Amino acid sequence: MATKKAPRRTAERILLSSLALFNRFGEPGVSTNAISADLNISPGNLYYHFPAKDDLINALCEQYEQALMPILQASEGVSNVEDAWFFMHSVLEANWQYRFIYRNLNELLSRNRQLETRVRLTLDELTQSLLRLLNAMQRSGALIAPPIGWGTVARSMVLLLVFWLSYEYALDPRNALEEENAQNAAMRNAAHVLGLLAPYAAPDQQAHLQRLIDAYTPEDLAPEPAAV
């Protein structure tokens, strides 16, 4: 006789519904009443678990941090461009799963002081992890250090990893952040982040890096063929 699965706790269901709705419609466009209706529970039941909408947002941000931090801690083990691609892809998966955070970041930060602190720490952790990655790749001989150091490169990588989805949304607000576009968005993002490493790739890594960039650049962003 099959064992029935235990029903999800209400708080967990609320977070799952909120995340899906925030990701699809943007956090400002989703009310707590809409979340209650999506779950077929009373607004009072939602309020019992999360007395304010910011409590929901902070709980989802904590989940995002828990998903991201183990990835960032592995950055020092990156030794070549293949490892770097896997690292970037893992970060991008976490960012996509919680994409509402960066989609509406300015508005969220303007009213949520707790989130303001959390996001600042997350961005700092991401920057430090990329610095560790770049230094590890330099030690392994995969990258050649720029004369001014890795700081500017790391910050540029953070900007692309974090705010690329905002760029995608600006280009196509109706479709860019829908679930079916996740793969193409990740491909475009990864290709551009990896492209930042191209000027510093050691000779034996350059060809492989270019193959990765080409493989993960969709046709609409591929270079135009040279005129004959």
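The values are calculated or read from the model by the stated rules, or taken from the named source; none is laboratory data. Since we're looking at a predicted model, the values are computed, not measured. Note that each Cβ is placed from the backbone with ideal geometry, even for glycine, and that neighbours are counted across all protein chains shown.
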>> For a quick check of your reading of the model, give me the residue pairs whose first member lies in region 177-205 and is within 14 Å of Leu161 (Cα to Cα), whose second is among the charged types (D, E, K, R) and assigned to a helix (DSSP H, G or I), with beta-carbon atoms closer than 7 Å and at least 6 apart or on different chains.
In response: Ala185/Glu168
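Please state which one of Ile41, Ile71 is part of a loop (DSSP other than H, G, I, E, B) and without any contact (Cβ under 8 Å) to a residue 60 or more places away in the chain. Give the steps one after another, and end with the answer.
Numbers: Ile71 fails: part of a loop (DSSP other than H, G, I, E, B).
Just a single option satisfies the conditions, and that option is Ile41.
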>> Taking the conditions exactly as written (in contact with a Gly (Cβ under 9 Å, 6 or more places away or on another chain), of a type in the set (Ser, Thr, Tyr) and either free of Cβ contacts under 8 Å to residues at least 12 places away in the same chain or closer than 21 Å to Ser75 by Cβ (or both)), does Thr127 satisfy them or not?
In response: yes
> In this structure, does Arg99 turn out to be under 30 Å from Ala198 (Cα atoms) and either crowded, with 16+ Cβ neighbours inside 10 Å or in contact (Cβ under 8 Å) with a residue 12 or more places away in the chain (or both)?
Replying inline: yes
> Being crowded, with 19+ Cβ neighbours inside 10 Å, assigned to a helix (DSSP H, G or I) and modelled with pLDDT of 90 or more, is that true of even one residue in region 146-155?
Replying inline: yes
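Name the one entry in Ser31, Ser18, Ser90, Ser42 that is in the same structural domain as Ala186 (by TED's automatic domain parsing) and not hydrophobic (A, V, I, L, M, F, W, C). Reasoning before the result, please.
Values: Ser31 fails: in the same structural domain as Ala186 (by TED's automatic domain parsing); Ser18 fails: in the same structural domain as Ala186 (by TED's automatic domain parsing); Ser42 fails: in the same structural domain as Ala186 (by TED's automatic domain parsing).
Testing whether each residue is in the same structural domain as Ala186 (by TED's automatic domain parsing) and not hydrophobic (A, V, I, L, M, F, W, C) leaves just Ser90.
Residue by residue, here is whether (1) touching a strand residue (DSSP E or B) at 6+ places or on another chain (Cβ under 9 Å); (2) outside any helix (DSSP H, G or I); (3) outside the structural domain of Ala20 (by TED's automatic domain parsing); (4) surrounded by fewer than 20 Cβ atoms within 10 Å (Cβ to Cβ) holds:
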position: Leu165; (1), (2), (3), (4): no, no, yes, no
position: Ala170; (1), (2), (3), (4): no, no, yes, yes
position: Glu180; (1), (2), (3), (4): no, no, yes, yes
position: Met187; (1), (2), (3), (4): no, no, yes, yes
position: Ala190; (1), (2), (3), (4): no, no, yes, no
position: Gln205; (1), (2), (3), (4): yes, no, yes, no
position: Leu209; (1), (2), (3), (4): yes, no, yes, no
>> Residues that are over 21 Å from Tyr98 (Cα atoms) and not aromatic (Phe, Trp, Tyr): does region 52-74 have at least one?
In response: no
